[in-house]
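The block underneath contains the structure these notes are about, expressed in C-alpha cells.
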Amino acid sequence: MPDGTPEPIGRLASMALRGEADAVVEGLRSEGFVSETEEIDAEAVLEYLRPMLEPVAADEFRFTRAWLRGEAARLASPRSPAYQLGRQLNLPPSYLLIHRVTLGSIGVLCQLEAKAPYRRILERWLPGFAPVG
C-alpha cells in the first residue's frame with residue numbers, strides 16, 4: 001500500500017479484541033463497512049469478528065487448513081448467523097485490495113501451517129493495533 005495499511009484496521013481489530021462492541025460498529029460505519037441506515041446488533045458483530053481475530057487473540061497461533069475451512073463454512077453457510085450478519089456489511093472499494101491481499105496471505109499461512117506470535121507482530125507493524133503508551 002502506498003501509504004501503508006490504514007490505521008482504522010488496527011484500531012478496530014484492537015477494539016474488537018477488547019470487546020468494545022459499540023465502538024467497533026461506530027468505526028465500521030465511519031469506514032463504510034456498515035451503512036448509516038443499517039440497524040445492526042453490536043454484540044453480534046463482535047461474535048462475527050472474534051473467530052477471524054483468533055490468530056491475534058492468542059500469544060501464538062498456528063494457521064491450518066482445517067481452521068480456514070471452518071471459517072469459510074461459518075461465513076458461507078446460509079444457515080449460519082455469521083452469513084446472515086455478513087449480508088448487512090459492505091466492503092468499501094478502498095479496502096478491496098487490502099482484503100484480497102490479506103485473504104491470500106492467510107491462505108498461504110494455512111498451507112504452510114505457519115505458527116507465530118501474530119499479535120506481537122501486529123503490535124509492531126499494524127498502525128493503530130498496539131496499545132497506546
PRE zone check, label point 7 Å out along Cα-to-Cβ of Tyr83, amide N under 20 Å, scope the stretch 49-64, hits 49-52
Nearest-20 debye value, the stretch 1-127 charge dipole, Cβ charges on Lys, Arg, Asp, Glu:
700
The farthest towards the positive end of the charge dipole of the chain, of the residues Ser14, Ala114, Gln88, given +1 on Cβ of Lys and Arg and -1 on Cβ of Asp and Glu, is Ala114
Global form of the stretch 14-58, assessed from the alpha-carbon gyration tensor, a/c cut-off 1.5
prolate
Which helices pass in the chain if a helix is a full DSSP H run, must span at least 30 angstrom along its long axis by Cα, and must have mean Kyte-Doolittle hydropathy not below -1.0?
none
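None of the figures in this text is laboratory data; all of them are computed from the coordinates on show. These numbers were taken from a predicted model, which means no experiment stands behind them. Note: ideal-geometry Cβ built from the backbone for every residue, glycine included; neighbour counts use all protein chains shown.
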